[in-house]
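Here the structure comes first, spelled out in C-alpha cells, and everything after it is commentary.
The values are calculated or read from the model by the stated rules, or taken from the named source; none is laboratory data. Bear in mind the structure is a predicted one, so any value in this text is a computation, not a measurement. Backbone-built Cβ (ideal geometry, glycine too); neighbour counts: all protein chains shown.
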Amino acid sequence: MRPFREALLSLVRRPVLAALSVTAIGLSLFILGLFGLTAHNISKALAAVEEKVEIVAYLRDEIDEAQLRLVRSEIGAFPEVESVEYVSKTEALYNASRELAEFSDVFPDVEVNPLPASLEVRLLPGRRDPQTVGTVAARISGYEFIDEVRFGREWVNRIHTLRRIAGGTALIVGGSFALVAMLLVGTTVRMSIHARSTEIAIMENVGATAGFIQRPFLAEGLISGLAGGALALALTFAAYRLLDRAVMAVLWLPDLWIAAGIVGGGVLGMLSAGRSVRRELKGLYAI
Amino acid sequence: MIKFRNVTKHYPRSGTALADASFHIRKAEFAFLTGPSGAGKTTVLRLVHMETAPTEGEVIISRFSSTRIRRREIPQLRRSVGFVFQDFRLLERFTAAENISFALQVTGANRSAIRSKVMRLLGHVGLASRASAYPAELSGGERQRVAIARALATDPLVLLADEPTGNLDERASLGVFELFKQLNALGTAVILATHDATLLRRHPETRVLELEGGRLVYDSGSDAPRPSHGDSSIFQLVRDGPPMQSGAKEGSAIERGGPAP
C-alpha cells in the first residue's frame, strides 16, 4: 500500500513532471498504436484475399452418388481441409450464366450442359501457403473420379510473398517503434527519478533498504505507464475515427492488442523506473 | 566499537586517500577528526558509513565488518550510524518535522509512533516550536539541528559529522557543538571531522585523531608519542595557541584549511 500512496503523492506534488512523463509515454505508445492499426488492417485485408484460396477439383461425369459421397468425405477428412463444397453441373451452369452476363442468353439454349460438376476445397487458415496447397491439390488429383484440379498457383504464390513481406516489415518497423517507445519512456522516467536523487541519497543515508527505496518508484512507473497507455489508446481511437470517417473504412484493433498495449505501457514504465532507480542507488551498491 | 585495522583506501583517480590507518573508538566516546583539506577525514567517515570499502585492512563497526558485511546488511549498519553533513542536506519541500519523519519511515514505524518521536527529537535539538517551518525559513544553525535530529531518528550508536559547523557563524557553531556534546553525554558516540582550530582549542580534553596526507599522524587516545615531524599540526596549535604566538611554520594546517572535499 505504501508504495502506491507514495507514488500518487509524488505524482500530485509534481504535476508538471507527472503530466510530461505520462504524455511522453502516451505519445511513444501512440506511435505504436498507429502502427498496430495499420498492421492490423493490412493483415485483415490480406487474410480476406487469402480466404479466396481454394482448390477446385472437376469431377468426371460418370461419378455416381455413392462414389461422390465417399470422395467428398475423404477429402473433407484431410487435416489441411476446412470445408468441401459440391457444385453440381446445373449449379455450375447457373453460376456461369450469372457471372458471365454477356453469355446469359446463350446458356438456357444449350442442350447438353458442357460444364463439369466440381468440389470446391477450402483449406484451414495458416494452411494456405503455396506448398500445402500444391500437396493437397496433388493428393486430390490422385482420385479416380477427379478429372482435373485447379488452384491458381501464380496467385497463391503472389499472395504468399505479399504476406511474408508484410509480416517482415511489421516485425522490423514494429520492433523499431517499440524500441523507440522504450527509450523515450526510459528517458522520461529517468528524468523524474533524477529530480529526486537527493531524496534517494538521504534515504540511503538513514538506512532505507534498496526495496524500500525502489518500490514507490516502481509503483510510480507503473501508474505513469498505465496512464500513458490509456492516453495512447485514446489518441489511437481518435485517429481511427478520423480515418474511418474521412478517408476509408478501417478496422478497430482487437481487444487483446489493446490490453497488451496498456499492460505493456505499465510494464515498460515499471521496468525503466527499476533500471533508473537502481542507477541512483550508488551508496547501497558501493560495497 | 569502531575499529580501523591497517586500513588503506586507494581511489582509482585521486590515488591514496588513507594509508595504513589503525585506531579504535569506544562506545559513547567523542573524537575530533582533524587535518587539512584532503587529509582523508571524509574518507574515514565514508568508510565508517560503509559508503565505500577499504582497499586493504578492515573496518569494524559494532557487529559489522567491512570484509564480511553483505549488501543487504548495509541499511542496518546505516541505522546505527547517523550522518550529519556540512551542507545539511534537508529536503527543501518538506517541513522540519517532515524531514525527520522521512528518516523514520524507513524503519517501518507506524504513523503515531513517528509523530511522537519527531516531536521528541525536535525537543532534543531545541526546535520544538519550529516543527512546521520549511528549511528556507530556518537559520543555518537551526537547519543543522534539524539535520542532527534526522540523524538521530534511528537511534544510532554513533553520529558522524563532516564539518558540521563549516557553514555556520561562530555563535551557531558553538550551539551545534554543545548539542553534539549533550548527545554524547546521553551515550551516543560522536566522530566530528573539523579543521576549526577554535573548536579544538576550546576542548583540549577531547580525543583528537589527526590526519595528514592520508596518514594518521596523531591520536591523543593512544600511548604512542607524538611524532616529531608533526610540528605544523593543529595539535600543536591547540597546545600552544594561535600561530602568531607560537611561531608555527608557514603552511600550517589551519592556513591551508578549507572546506573538506
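Counting the residues of region B:49-60 that are modelled with pLDDT of 95 or more and under 18 Å from the mean Cα position of the chain (by Cα) gives 2.
Each residue in region B:77-130 was checked for being buried (at least 17 other Cβ atoms within 10 Å of the Cβ), facing chain A (nearest Cβ under 10 Å) and over 23 Å from A:SER197 (Cβ atoms), and 1 pass.
For region A:230-287, a residue qualifies if it is surrounded by 15 or more Cβ atoms within 10 Å (Cβ to Cβ), within 14 Å of chain B (Cβ to nearest Cβ) and over 26 Å from A:LEU20 (Cβ atoms), and the qualifying residues are A:GLY283, A:LEU284, A:ALA286, A:ILE287.
Here is a yes/no grid of residues against (1) assigned by TED's automatic domain parsing to the domain that holds A:GLU62; (2) over 30 Å from B:GLN76 (Cβ atoms); (3) at pLDDT 80 or above:
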{"residue": "A:ASN113", "(1), (2), (3)": "yes, yes, no"}
{"residue": "A:THR132", "(1), (2), (3)": "yes, yes, yes"}
{"residue": "A:GLY167", "(1), (2), (3)": "no, yes, yes"}
{"residue": "A:VAL173", "(1), (2), (3)": "no, yes, yes"}
{"residue": "A:MET203", "(1), (2), (3)": "no, no, yes"}
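For the residues A:ALA45, A:ALA39, A:ALA24, the requirement of being over 16 Å from the mean Cα position of the chain (by Cα) and either modelled with pLDDT of 85 or more or crowded, with 18+ Cβ neighbours inside 10 Å (or both) singles out A:ALA24.
Just the residues that are more than 9 Å from chain A (Cβ to nearest Cβ) and surrounded by 20 or more Cβ atoms within 10 Å (Cβ to Cβ), please, taken from region B:58-76. Of everything in region B:58-76, those that are more than 9 Å from chain A (Cβ to nearest Cβ) and surrounded by 20 or more Cβ atoms within 10 Å (Cβ to Cβ) turn out to be B:VAL59, B:ILE61. Where strands (runs of 3 or more DSSP E) fall wholly inside region B:1-67, the ranges with 2 or more residues that are among the small types (Gly, Ala, Ser) are B:15-25.
Flag not set for A:LEU59, criterion: of a type in the set (A, V, I, L, M, F, W, C) and within 14 Å of chain B (Cβ to nearest Cβ). A Cβ distance below 8 Å, combined with a sequence gap of six or more or placement on separate chains, defines the contacts here; from region B:25-52, residues that are within 13 Å of chain A (Cβ to nearest Cβ) reach residues that are buried (at least 24 other Cβ atoms within 10 Å of the Cβ) and among the basic types (Lys, Arg) in the pairs B:HIS49/B:ARG78; B:MET50/B:ARG78. Against the criterion of being touching a helix residue (DSSP H, G or I) at 6+ places or on another chain (Cβ under 8 Å), surrounded by 23 or more Cβ atoms within 10 Å (Cβ to Cβ) and either among the hydroxyl-bearing types (Ser, Thr, Tyr) or more than 19 Å from B:SER220 (Cα to Cα) (or both), B:THR43 does not qualify.
Can you tell me which condition B:GLY166 does not meet? The list is (1) within 13 Å of chain A (Cβ to nearest Cβ); (2) not in a helix (DSSP H, G or I), and all the others hold. For B:GLY166, the exception is condition (1).
State which residue is surrounded by the fewest Cβ atoms within 10 Å (Cβ to Cβ) when the search covers only region A:58-94 and only residues that are part of a loop (DSSP other than H, G, I, E, B) and touching a residue at least 60 places away in the same chain (Cβ under 8 Å). Only one residue tops the list, namely A:GLU62. Considering region A:172-205, and only residues there that are polar (S, T, N, Q) and within 14 Å of chain B (Cβ to nearest Cβ), the residue that is farthest from the chain's Cα centre (by Cα) turns out to be A:ASN205. Checked against (1) crowded, with 24+ Cβ neighbours inside 10 Å; (2) within 14 Å of chain A (Cβ to nearest Cβ); (3) within 14 Å of B:PHE180 (Cα to Cα), B:PRO156 passes all but a single condition, namely (1). Output the residues belonging to region B:140-172 that are closer than 17 Å to B:SER80 by Cα and β-branched (Val, Ile, Thr). Within region B:140-172, B:ILE148, B:THR154, B:VAL158 qualify.
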